[in-house]
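J.: Please read through the structure below; I'll follow up with questions.
The values are calculated or read from the model by the stated rules, or taken from the named source; none is laboratory data. Keep in mind it's a predicted model, so treat the numbers as computed, not measured. We place every Cβ from the backbone using ideal geometry, glycine too, and count neighbours over all the protein chains shown. For accessibility, only protein heavy atoms count, side chains too; no ligands or nucleic acids. Shrake-Rupley method; radii C 1.70, N 1.55, O 1.52, S 1.80 Å.
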Amino acid sequence: MSDTNTGAIVRPVLDVWCELQCPDCHSALDDLRALRARYGDRLEIRLRHFPLEKHKHAYAAAQAAEEAAEQGQGWPYAEAVLARVEELAARGEKLLVEVAGELGLDAEEVDTALIDGRHLLIVDADQAEGKAIGVTGTPTYVIDGERLDGGKSQEGLRERVEAIVDRLLG
């Protein structure tokens, strides 16, 4: 797939509307790993934040993930937090900072980011965009303008994403 104006190769983009305290998003990691294994860098997978009100620490987790991304470890951090969804419910921000340290990130900077709110606008913008396009739960995938809702069931979603990516890659 190439840009008709510049001739540059354009990768398909899969936006994954996720929240890091969501058990369904944890379950979706296997599909995301399979997509990464199949397509490598031919598919860009972007984490988009959609913290749900029912999860007390989801908003803080989204901010911490943005700080981790700024430190070059966005996806590894998100996956590490999702692996501890139940623990996040009990320990909150302490766990978010601890996970950062375990990954070799500047945990103090993650803690400071949670206090000073430097990533609030990114999280708010993602959430607002998600609402605007009809995201109501997580995970929700958007690829080539098509929204695929995994909040109720993830059955067959990876296959649908693969079919779209295969078509886009030609």
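J.: Taking the conditions exactly as written (in contact with a strand residue (DSSP E or B) (Cβ under 7 Å, 6 or more places away or on another chain) and surrounded by fewer than 23 Cβ atoms within 10 Å (Cβ to Cβ)), does Arg91 satisfy them or not?
T.: No, not satisfied.
J.: Does Asp41 count as acidic (Asp, Glu) and open to solvent by less than 70 Å² (accessible area, probe 1.4 Å)?
T.: no
J.: Just give me the residues in region 111-133 being open to solvent by less than 30 Å² (accessible area, probe 1.4 Å) and touching a strand residue (DSSP E or B) at 6+ places or on another chain (Cβ under 8 Å), in sequence order.
T.: Val123, Asp126, Gly130, listed by residue number.
J.: Inside region 141-161, can you point out the residues that are surrounded by 17 or more Cβ atoms within 10 Å (Cβ to Cβ) and in contact with a helix residue (DSSP H, G or I) (Cβ under 7 Å, 6 or more places away or on another chain)?
T.: Tyr141, Ile143, Leu148, Gly150, Gly151, Gln154, Leu157, Arg158, Val161 - these are the residues of region 141-161 that are surrounded by 17 or more Cβ atoms within 10 Å (Cβ to Cβ) and in contact with a helix residue (DSSP H, G or I) (Cβ under 7 Å, 6 or more places away or on another chain).
J.: If you don't mind, another one. Against the definition (at pLDDT below 95, among the aliphatic types (A, V, I, L, M) and open to solvent by less than 60 Å² (accessible area, probe 1.4 Å)), how does Leu52 come out, yes or no?
T.: yes
J.: Quick one: how many residues across region 88-113 are among the charged types (D, E, K, R) and closer than 18 Å to Leu52 by Cβ?
T.: 1
J.: Scan region 131-170 for residues that are touching a Phe, Trp or Tyr at 6+ places or on another chain (Cβ under 8 Å) and closer than 12 Å to Leu35 by Cβ and jot them down.
T.: Tyr141, Leu157, Val161, Val165
J.: Another one. Can you find a residue in region 10-27 that is over 13 Å from the mean Cα position of the chain (by Cα), within 28 Å of Thr112 (Cβ to Cβ) and not small (Gly, Ala, Ser)?
T.: There is no residue in region 10-27 that is over 13 Å from the mean Cα position of the chain (by Cα), within 28 Å of Thr112 (Cβ to Cβ) and not small (Gly, Ala, Ser).
J.: Which residue out of Ala62, Ala69 is under 12 Å from the mean Cα position of the chain (by Cα) and in contact (Cβ under 8 Å) with a residue 60 or more places away in the chain?
T.: Criteria check complete, one pass: Ala62.
J.: So which pairs qualify, if the first residue must be in region 153-169 and touching a residue at least 40 places away in the same chain (Cβ under 8 Å) and part of a helix (DSSP H, G or I), the second must be surrounded by 12 or more Cβ atoms within 10 Å (Cβ to Cβ) and of a type in the set (Phe, Trp, Tyr), the Cβ gap must be under 9 Å, and the two must be at least 6 apart or on different chains?
T.: Leu157/Tyr141; Val161/Tyr141; Glu162/Tyr39; Val165/Tyr39; Leu169/Tyr39
Quick grid of which residues meet (1) touching a residue at least 24 places away in the same chain (Cβ under 8 Å); (2) among the hydroxyl-bearing types (Ser, Thr, Tyr); (3) closer than 24 Å to Ala34 by Cβ:
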{"site": "Val85", "(1), (2), (3)": "yes, no, yes"}
{"site": "Leu88", "(1), (2), (3)": "yes, no, no"}
{"site": "Thr112", "(1), (2), (3)": "no, yes, no"}
{"site": "Arg118", "(1), (2), (3)": "yes, no, no"}
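J.: If Glu70 satisfies every condition in (1) open to solvent by less than 20 Å² (accessible area, probe 1.4 Å); (2) at negative phi but one, which is the exception?
T.: (1)
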